[in-house]
1. Tilt of helix 251-263 relative to the longest C-alpha principal axis of the chain, in degrees (0 to 90, nearest 10)?
2. Where is the GNM fluctuation largest for the chain (alpha-carbon springs, 10 angstrom cutoff): 58, 301, 213?
3. Taking Rh as the Kirkwood radius, which is the inverse of the mean 1/r over Cα pairs, what is the Rg/Rh value for the chain?
4. For the charge dipole of the chain, defined by +1 on Lys and Arg C-beta atoms and -1 on Asp and Glu C-beta atoms about the Cα centroid, which residue among 78, 200, 256 has the Cα displaced farthest towards the positive pole?
5. What is the local net charge at residue 183, summed over the other residues whose Cβ is closer than 11 Å to its Cβ (Lys, Arg +1; Asp, Glu -1)?
6. Going highest first, how would you order 253-261, 204-212, 168-176 by mean Cβ packing within 10 Å?
7. Within segment 179-317, what percent of beta bridges assigned by DSSP are antiparallel, to the nearest 5?
8. Fully extended, how many nm does the chain gain between residue 252 and residue 306 (0.36 nm per residue separation, minus their Cα-Cα distance)?
Amino acid sequence: MIKEMVSALERRAYKPIFDGFANREDIITCASSINDEKLRNLLQKEVLGSPEFFYVSGFKTVTKGANIYLYPRYLYSLEEINRLKNEYEQRADKLLKRTEGHGEYETALILHDSLAKNVEYVDDRQKQRHTIIGPLVEKKAVCEGFAKAYKYLLNRADMQCLVVSGSAYDPSTGRVDSHAWNLVNIEGEWCHIDVTFDTTIRYLATLRYDYFGLTSSEITRDHTYEERDYPIANNTRFNYYERNHCVIRGKNEFRNFVEERIRNNEMDFVIKLPDDAPDRGLEAKISKIIEESMTDFGVSGEYSTSFNAFQKVFHIHIKRM
């Protein structure tokens, strides 16, 4: 947080700055005792990166004599800000009611699911897609909007959550693009959660948790960021698939898992393979076991698989004829 990054002298100077942004002032004056470059970095992180300052699109600084003058750029009028704030707070209140009585892991999961189910990934170059207005008011967002909304909700639930800025491999385009996701502190341990990726890799109605509760080494299989700037996540106990016994080790265990699902008429399911599972021929081996299991149980129909090669997760859908 900002108070951990500045000196006692600077703390006295930055309060009127944030008050000025909060009151939507056109010119904000502060003492030049704050280094201009450091001030800009702090504002970049604590204003443009803050969910609550959704209405600030940027700023410029001008140093004159003993003062620094800030000239913010705002997206909305004060009346519009108050209206939108009221809307997203009401929406957040409803979502947070669902977490009452739950622990931190369950709270993080409930809020992850709420966003993944109800917010559509839309990149139409509208600025609100990058703020909490997109997901919490309009239910449309890009990765930055998802990450800021998740941070806002978890902070409201008294949980630590950071927005991570970096890049990630987009399987839909085959490119590495800029990206944002979250680091969440659950029960004193940090883990990575990427609500955007879990939302966009969904197929049919099945929720995905390929990017819920990952360690730093797991997330960096297809995400890149300045690791030294963020807490280390090294505990695997929050990985959704590990925690819910969906990691399948070995051919026989996988066959038993598939056959149990068919026996229970569960024709849509997700499994994860161990991280050390060999990459070569993996999809062919999985397909063969599914076909054999369908034959053994007399299931006529077709099946489809969606494979996240980086996280080694399969979504399998069997359609009876």
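1. With rounding to tens, the tilt is 90 degrees.
2. 301
3. Working: Rg = 23.0 Å, Rh = 21.8 Å.
So for the chain, dividing Rg by the Kirkwood Rh gives 1.05.
4. Final value for the positive-end residue is 78.
5. Numbers: positive: 151; negative: 189, 194, 227, 229.
Its environment carries a net charge of -3.
6. Working: 253-261: 16.4, 204-212: 18.3, 168-176: 12.7.
Taking the mean over residues of other Cβ atoms within 10 Å, the ranking is 204-212, 253-261, 168-176.
7. Values: 18 of 19 bridges.
The antiparallel fraction comes to roughly 95 percent.
8. Details: separation 54, 0.36 × 54 = 19.44 nm, distance 2.09 nm.
Stretched out fully, the residue 252 to residue 306 stretch lengthens by 17.4 nm.
Read-outs: derived from the displayed coordinates by stated rules, not from any lab. Every value quoted in this text rests on a predicted model; they were computed, and no experiment measured them. Methodologically, a virtual Cβ is constructed for each residue, glycine included, from the backbone with ideal geometry; neighbour enumeration extends over all protein chains shown.
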